[in-house]
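Q: Here it is, the structure, as structure tokens.
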């Protein structure tokens, strides 16, 4: 790993240090994949470090996408404007039955390309052929938290458990530590309690956490309540899903006060996906209430078939605006809070340590934004400009684990043209298999 010195940049550290402003100008020294020092005039101290000029540049921690299905880029624009269960059962699941490993690799590479170019340096994924997803993460240089999706019925139930164990054994800590593995029981409505208990036992034996969809729709809540006499979060609590293990719960849209208190008490990481929830008309998650209670909430895009992009800048803006208008309170979800959800809180939601903040000893996952843009001038408040005005295309340089993966919008670790060609080809071939 090389040594870098980002020089004379505007920095938003998200380090929660009490100071008059949430930003300052300075230098950042990076060595061996971590942030070595933040200060001023560091070139004298580190004369041999590679210089990245920071003039007219804003440095942020890399963004963390807490929930997506990366390979679903192949389904982008394939099935839109449908209710969730109809969308899944009539469009997505039948097409997924025809997926091949090579499809998933190139679709994931396409997603990673889109994510890196829009400032995402870490993503949490749940899907199939996860060895291909892991390989794509390793090849591209991104950081990833990966789970093989599990359903508790049919032949796939046993195969899924076996493939999950293989994924963990092969890839946990892989790609120089950039890959973390979890188990991925899809949801309470596809994984009955007895199967979930087997998943929990396997997770505990392997020493990994769980990634699950939870309380996403009213249909789910009503069906689970009718079948078990408990709401989804209450059901998960009753079977011990949250006991002494890290859990990443996607969506959490329809929650009672009791369920919110359970999630807070159990320190469950919640992935809020505002744009996907809006598009599928799933509802509005009670994020302001959750945050006031002390819940751990980050942001995700969900898959590109239900969003339809992986743009975390859009997600921040949508999150802030949605919760202001839904509560008729413009003070809800201020820009600083939305940005924290997209970075350092997101890292905590995934259970990743020393990530998502610009401070000494933290992983050097950083993004540099070009401030010389008409929509970013004037710069009264850089945090507000990032959340309310910035475009993902303003990201000019991306550093992951101390390595430059994109510089001045040019990818250094990925063959962009080949990825675009292969993903388009595999997407068209997939729909012909039905």
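Readers should treat all values here as calculations from the given coordinates under stated rules, not as data from a laboratory. A quick note: this is a predicted structure, and the numbers were derived from the prediction, not measured. Here the Cβ positions follow ideal geometry from the backbone for every residue, glycine too, while neighbour counts run over all protein chains shown.
Q: For the stretch 1-123, calculate the relative contact order in percent as a whole number, restricting contacts to Cα pairs under 8 Å that are 6 or more residues apart.
A: The normalised contact order for the stretch 1-123 reaches 26 percent.
Q: For residue 176 paired with residue 228, estimate the spin-label separation in nm (one decimal), with each label point 7 Å from Cα along the Cα-to-Cβ line.
A: Result for the modelled spin labels: 4.2 nm.
Q: Test of understanding: extend the Cα→C-beta vector of residue 353 to 7 Å, then name every residue of the stretch 114-155 with backbone N under 20 Å from that spot.
A: Those under the cut-off are 122-123, 143-146.
Q: For the stretch 4-22 and the stretch 168-209, what is the centre-to-centre distance using only Cα atoms, to the nearest Å?
A: 36
Q: Ok, one more. If you line up the long axis of helix 312-327 against the longest principal axis of the chain, both from Cα atoms, how many degrees apart are they, to the nearest 10?
A: In the chain, helix 312-327 runs at an angle near 70 degrees to the longest axis.
Q: Taking the chain as a Gaussian network, where each spring joins two C-alpha atoms under 10 Å apart, which residue of 311, 27, 41 fluctuates the most?
A: 41
Q: Which translational diffusion coefficient, to the nearest whole µm²/s, is obtained for the chain from the Stokes-Einstein equation, given a Kirkwood hydrodynamic radius over C-alpha pairs, 10 °C and 1.306 mPa s?
A: Approximately 73 µm²/s, per Stokes-Einstein.
Q: Helix 156-171 against the longest principal axis of the chain: what's the angle in degrees, Cα atoms only, rounded to the nearest 10?
A: The helix 156-171 is inclined about 30 degrees to the chain.
Q: Another question, then. Just round it to a whole percent: the fraction of Cα-Cα distances in the stretch 81-133 exceeding 19 Å.
A: The share of Cα pairs beyond 19 Å in the stretch 81-133 comes to 42 percent.
Q: Next up: Assuming 0.36 nm per residue, please report the length gained on full extension of the stretch residue 197 to residue 407 beyond their Cα-Cα distance.
A: This chain segment gains 71.0 nm when fully extended.
Q: Can I ask one more? How far apart, in nm, are two points set 7 Å out from the Cα along the Cα-to-Cβ line at residue 375 and at residue 91?
A: 2.6
Q: Residue 100 to residue 388: FRET efficiency via 1/(1 + (r/R0)^6), r the Cβ-Cβ distance, R0 25 Å, to the nearest 0.05?
A: Rounded to the nearest 0.05, the efficiency is 0.05.
Q: What distance in nm separates the simple spin-label points at residue 169 and residue 155, each placed 7 Å from Cα in the Cβ direction?
A: So the two model labels end up 2.2 nm from each other.
Q: Ok, one more. I'd like the Kirkwood hydrodynamic radius of the stretch 1-132, using the inverse of the mean 1/r over distinct C-alpha pairs, in Å.
A: Result for the stretch 1-132, one decimal place: 18.1 Å.
Q: Hey, how many Å between the Cα centroid of the stretch 297-344 and the Cα centroid of the stretch 394-410?
A: So the two Cα centres are separated by 23 Å.
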